Structure formats: structure tokens, C-alpha cells
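Have a look at the structure below before the remarks.
The values are calculated or read from the model by the stated rules, or taken from the named source; none is laboratory data. Remember, predicted model here, so these are calculated numbers, not experimental data. Don't worry about glycine lacking a Cβ; one is built from the backbone with ideal geometry, like all the others, and counts go over all protein chains shown.
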Amino acid sequence: MSKNGSNLRFIFTGGGSGGHVSPALAVAAQLKKELPDAQIIYAGIKGKAEGIMVPKAGIPLKFVNSAPMPGKNPLKLIKFGFIMATGFLKALLIILKFRPHLVFATGGFVSAPIIFATAFLRKITLGGFKTKILIHESNVHPGKMNMMAARAADAVAVSFGETIKNLPKGKGFFSGYPVRNMVAQGEKEKARKELGIPQNGFTVFAFGGSQGARTINRTLANAAPELLKYPDIYIIHGTGKPFGESWEYHGYEDVNEIIGKMDEDVDRQRYVVKDFIDNMELYYAASDLIIIRAGAGSIMEVCNLGKPSIIIPISSVYSDHQTGNARYIERAGAAQVLYEKTDPFKGITTPFLDTEEFVKAIVELRNDPSKLEQMSQKAATIFPGKPAEIIVSHILHLCGKRDKPQIVEGKEYQNDRILGLDSVQLENFLKAVKGGKKPPLEEDEVKLLKNKIDTYFTSSSTVLRTRALRIAGLAKYCELFPIVINCAGSPKEKPFVRRDAFESLQSLVFCDKSYKEEVVKTTVTGLSDPYYETRFQAGKLVRIFAEIYEISSSERKELLYRLYRNLDDRCFEVRVESILAVASIETEKNKAIQNFEKCYFDKVWKVRKALFRGYEILVRRGIITSEEALVEFDKILITSNGYITEYELKKQFNNSKSFIIGKEVK
């Protein structure tokens, strides 16, 4: 390396979307500004955003093979392995030929081959290959790729201060998100004159990234007729465009199909639709309100320009990083977050946004200039410092050309308690809340939780749907009561789905008594379910709803018929719950005693223990007297053998006897 740095060589990588490419180009521009003779090449994949953006920046572009993780499908995994192997080999050739002093990566699957090839060369040469690795993490919650890469990296720059706690100790530093210089420019008056928008107009600029966002596109297109009823509203809509030969969604065509069906009296002149927008600074400058996804790139650009925004994060079963980004900005007071929805009732699995809610949010902000101004001021102060300069100073330090930079402190806001949790962790968290080990959920947390549960419910994964049932019960998500009832009684559902639905109903029966008839009917079916755990949970439900429902004589007869049959069930847990359920609803003393007698010699002591509790319930309900219960207690106790079960039964005998004698005294 020369002292002036003219021989320094750098590989930049990251792509797939503009959100990964933009920060890399911003850092590259700053690096060239400080080291004009530095050599930089970019590694990406064909058919993605880097194929358009990198050549325009004047940086040589090399292609490698890479792909996102495909899931568990064996054939797709084989194809994925082949792609990554060839990508790794291509990356090795690029690195060995170019011999970079540092690799700078902005994440995503595109950067995987270069990062891991560099780490591989460093490891097999026992430190002889000295290329440094610096990663930039855009999101609040690091992606899986960057979490793996962080172990191999020398340093990790982050856009959000609170991200550092999730990284290997000592590697993270706050930089903010590098914004392109061209985006940091633009005058509102001049931009509006160029675009033909009146200076007193209210301009909404919406876009969903370089490839577009289906939810934003369809919601805005459907909302346009209502919004354009306000004569001062102007809409600029960037629909995005597909890259490469294979694509799933063409936003520009989709939007034009929707607006082609608009009534003729809608003023289309105030609704501008574009696919790919090159001169973003012009539209940013002209706007009063921006509607975006929650990708870090869009958020950082909007905040650095001090623009108020409505943020619509991608809803995803497997990742909360966009929701985390959006809530971070909302808590800072710079944005309003609207969540995508799915509809478990109608079986709608494609995320959508409520058009009425969307229009209302825009109109309310239009009518409140003071709030817009406050949001603008907050946005401009969220991310301090100059991100590109901070990152370049760390790059030069790693290359031995500068002292270690001073640490810049990023702002931290209250950490979300349920974001970043998978379905298992979320269930355990809610159990802790229910048990009083954690504070109750706040209103905004409940809203987000319900959104996550809906996403689980509409997932194609049966495992996620079963967890959604349990979580819905823990969260007391009463709106899903009818769906849970349907899952519990449907023979088309998997056995463990029905089981978990009955478990969920044990919490939801308190929501609405008007569903009593459906609950009882479903429970009757559940008591005869082929799966023993479903019978167990159904029996447990009986004694819970017995506390709140007025059960008719016909319903009681149906329930007791199945419960008495279940006293002979091969599963002792079912026998236990059946005893307790019978005790909770039976009104005929002799019938209860005669059927309970069948269990006095049950080989499982826990069943005989349940008999004591059952008689205790019957006494409490006034179905039998204390004297009658004590007679039955003695009959049960003499069936015990000389092992440990005798003492367990004796303990229950004493507890139940104390209750009954105490009741007599009173």
C-alpha cells in the first residue's frame, strides 16, 4: 500500500434492491472524494438493481451467482447449493485477481459469496490474506445474512444505535445510513414549477422501492378517486419496475389496470404514475407527504430530507426488520405507521391495506399543517452525523491510513418487546405476561400482536397456524373467536390443530356469551374426537364454560353422555378431565356417584385423586351433601396400595375433607 492510498483497492458488494445498492454507492462516492486514485469494483448479480445503478455511478461491475434461502424443499435446496457453490468460486476468482485491501458489504444474499470467500481465504492462509471486511447493517434488527457475516467481519456499521446490542461484542459502531448526495438536494418551489404543481397544492409522493410494492400500488390506485375529490391534492406514484427476465409482479401494469377503471370525472391530471424514478431529488423536494415501505434506505432518505411520512412495512411471518424500522421512526414522532393486513375470515393471504384507513390518514395529515411541521422537524433530527464520512473514516482506519475514529452515539428509543420474536418465543413471552412475570401489553403492542397473529393464521404452515391458535388465546384476541370455534370442530383440520383450538377456546369463551350454542356444540364433537389430546382439552373446556354459561337440559344431556363414556377412555388424562367436567355440570346426585364408582379402582392414582376434587365440586355446587361426599371419600381411599400414591391420595383426601368439614361448620 502506498502512503497516499493510490494503490488501495476495494470491492463493494450488496444488491438485489436499491436499498442495498444506494448506501454502497454513497460510501463509494465519499471514498473516491477522499482517495481519488483508489480502485473500486462492485460485485452483484445479474438482473437486479445494481445492474442499472452501479454502471451509472461509473463503477466497474462484476457478477457472481447467489440466491436467497429457498426453504426446506429438497430440490430447491439442491439448486440453491449449486448456485451458491458457483457463486463462491466466482467470488474467489474475483478476489484473487483483484486483491482488495477491504471488502465493503451492505448485506442481502447478493453479498454472501464475496464475504464468505474473503473469510475463507483469510482462514486457510492463517492470516496471510489480509483483506479486511466491513459490513453495513441498514435495519434495526439485523438480517440472517448479516448476523452470520458479522462473525467474520472486522467491523459492522449500523443505521440504528440500538442494533449494536445484537452484534458480536466490540464490532458494531453507529454510522447512520449513507444517503446519496443527489437526494440531499432540491428546492420545493423550483421542483414544483418544473413538475407543474401549484405552490399551494398538497403533494403526496408514494413509492415502494425500485421493484415496487403491491400493497402501496393497489391501495393508492384504489384510493385515488377519493383523494382527488380534494382539489388541492396532487399524487406522484412510483410503481417500480421488474428487473431481469423472471418476475412475479409488474407494478406499472397493475396500477394502470386499476386506474383505467376510474370514473371519467376523476381528475387524472393530478395523478402522475411513473415506473422507475431516476431523479428522486425532484419528487422528494416537491412533496408534502411521502408514503413508503420501511426499508432502511427509503426511511433514511426521507428522514435526512426532513419529510413527514406514512410508512407501510412489509408484513412477514419470518422477519420483523421492516416493522422494527417503521416503529423506530414512529416513536421518534416523524411518521405514522399503517400495517398490512391479511384476513383469516375470508382466507385472504395476500397482504392488503384498508383503503378507508389509508385515505383517512392522508386527509387528516393534510388538514393538520402543524403536525406535519412537527413530524418534519423530528425527522430531520433522528439520524445525526454524516454516515458516508463516518464509514469511510473506519474504512481508512482498517486499511491503516487513519487513527481510530471517535465513536458517534446514535439515538435509542424504547425497544420493542415482541418484534424479532419467532412464534415460539412470542408464545412464551405471552405466557410470561399472563403469569405476571412481565408487564401487560400496551395498546400499540396489542395492535401489532394481532397483526402478527393474522399473518400466522393465513400462513400455509400448519405449525404456524396451530401456534396462532394458542397465541390468540393467550392474547385474548376475541375477534378470532368464530375462527377458533370452526378450527376446533372441523374434521378437515389436523388433530393437533383441533387440540390447540380447544386450548385457545378456554381463554376466548369469556369474550362473548352469544357464541355459547356454537361452543357447546363444538365441545360435544370434541369429546368424541379420535385424538386423545383433543378429548382432553374439550373436557377441560367444559368445566371452564360451566362457570359462565347457562346450559340447557338438552345440551347438558349431550355433554354428559360423552363425558360418562370418556370415564372409560384409554387415556388417564381424559378420564381425569371427564371427572372434573361431570362434577361441574351434573345435576343428578345418584347418576354422578354411580358413574364415579367405576373409577374408584382405577389403576392410575391421579384419576382417584380427581375423584376427590370432583366430589368437592359437587358439594360446592350443592348437588350432594358433605356427609355423602365423606362416605365416598372412604371408599376411594381404601383402594390405595402401599406405595407413594397412598400418600398423594391421602393428601388430597385431607384437603378435600378439610374443605367439606369447614363448609359444614360454616
Residue tally, condition within 23 Å of Cys303 (Cα to Cα) and among the β-branched types (Val, Ile, Thr), over the range 258-286: 1
Ile348, sole failed condition from (1) hydrophobic (A, V, I, L, M, F, W, C); (2) under 29 Å from Arg214 (Cα atoms); (3) surrounded by 16 or more Cβ atoms within 10 Å (Cβ to Cβ); (4) out of contact with any Gly (no Cβ under 9 Å at 6 or more places or on another chain): (3)
For the range 568-604 the number of residues that are hydroxyl-bearing (Ser, Thr, Tyr) and more than 23 Å from Thr534 (Cβ to Cβ) is 2
Hits in the range 617-648 - residues which are within 21 Å of Glu573 (Cα to Cα) and either of a type in the set (S, T, N, Q) or modelled with pLDDT of 95 or more (or both): Ile617, Leu618, Thr639, Ser640, Asn641, Thr645
Among the residues of the range 404-425, how many are of a type outside the set (Lys, Arg), out of contact with any Phe, Trp or Tyr (no Cβ under 9 Å at 6 or more places or on another chain) and farther than 28 Å from Ala380 by Cβ? 2
Residues Ile290, Ile277, Ile233, Ile258: which one is among the hydrophobic types (A, V, I, L, M, F, W, C), over 30 Å from the mean Cα position of the chain (by Cα) and surrounded by 14 or more Cβ atoms within 10 Å (Cβ to Cβ)? Ile233
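Considering only residues of the range 138-161 that are of a type in the set (A, V, I, L, M, F, W, C) and under 23 Å from the mean Cα position of the chain (by Cα), which is surrounded by the most Cβ atoms within 10 Å (Cβ to Cβ)?
Val140
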Being assigned to a loop (DSSP other than H, G, I, E, B), within 16 Å of the chain's Cα centre (by Cα) and over 15 Å from Leu508 (Cα atoms), is that true of even one residue in the range 423-445? no
Here is a list of conditions, (1) crowded, with 19+ Cβ neighbours inside 10 Å; (2) over 22 Å from Ile348 (Cβ atoms), and Pro440 meets all of them except one; can you say which number that is? (1)
Residue, surrounded by the most Cβ atoms within 10 Å (Cβ to Cβ), within the range 519-570, restricted to residues that are under 34 Å from the mean Cα position of the chain (by Cα) and in a loop (DSSP other than H, G, I, E, B): Asp529
Of the residues Pro142, Pro113, Pro178, Pro100, only one is touching a helix residue (DSSP H, G or I) at 6+ places or on another chain (Cβ under 6 Å) and modelled with pLDDT of 90 or more; which? Pro113
When Arg499 is run through (1) within 24 Å of the chain's Cα centre (by Cα); (2) crowded, with 22+ Cβ neighbours inside 10 Å, the failure sits at (1)
Checked the range 162-172 for anything touching a Gly at 6+ places or on another chain (Cβ under 9 Å) and surrounded by 22 or more Cβ atoms within 10 Å (Cβ to Cβ); matches are Thr163
If Arg470 passes every condition in (1) surrounded by fewer than 17 Cβ atoms within 10 Å (Cβ to Cβ); (2) more than 24 Å from Val337 (Cα to Cα) but one, which one does it miss? (1)
Mind checking whether some residue in the range 508-515 is within 20 Å of Val582 (Cα to Cα) and not in a helix (DSSP H, G or I)? yes
Restricting the first residue to the range 215-228 and requiring it to be without any contact (Cβ under 8 Å) to a residue 60 or more places away in the chain, which pairs with a second residue that is not in a helix (DSSP H, G or I) meet a Cβ separation below 6 Å and a spacing of at least six or different chains? Asn217/Thr239; Ala224/Tyr271; Pro225/Met262; Pro225/Val266; Leu228/Val266; Leu228/Asp267
Spans of helices (runs of 4 or more DSSP H) in the range 20-134 with at least 2 residues of a type in the set (Ser, Thr, Tyr) and not assigned by TED's automatic domain parsing to the domain that holds Asn304: none
Pairing a residue in the range 40-52 that is under 14 Å from Leu25 (Cβ atoms) and touching a residue at least 24 places away in the same chain (Cβ under 8 Å) with any residue that is β-branched (Val, Ile, Thr) and part of a strand (DSSP E or B), where Cβ atoms lie under 6 Å and the two sit 6 or more apart in sequence or on different chains, gives Ile41/Ile11; Ala43/Ile11; Ala43/Thr13
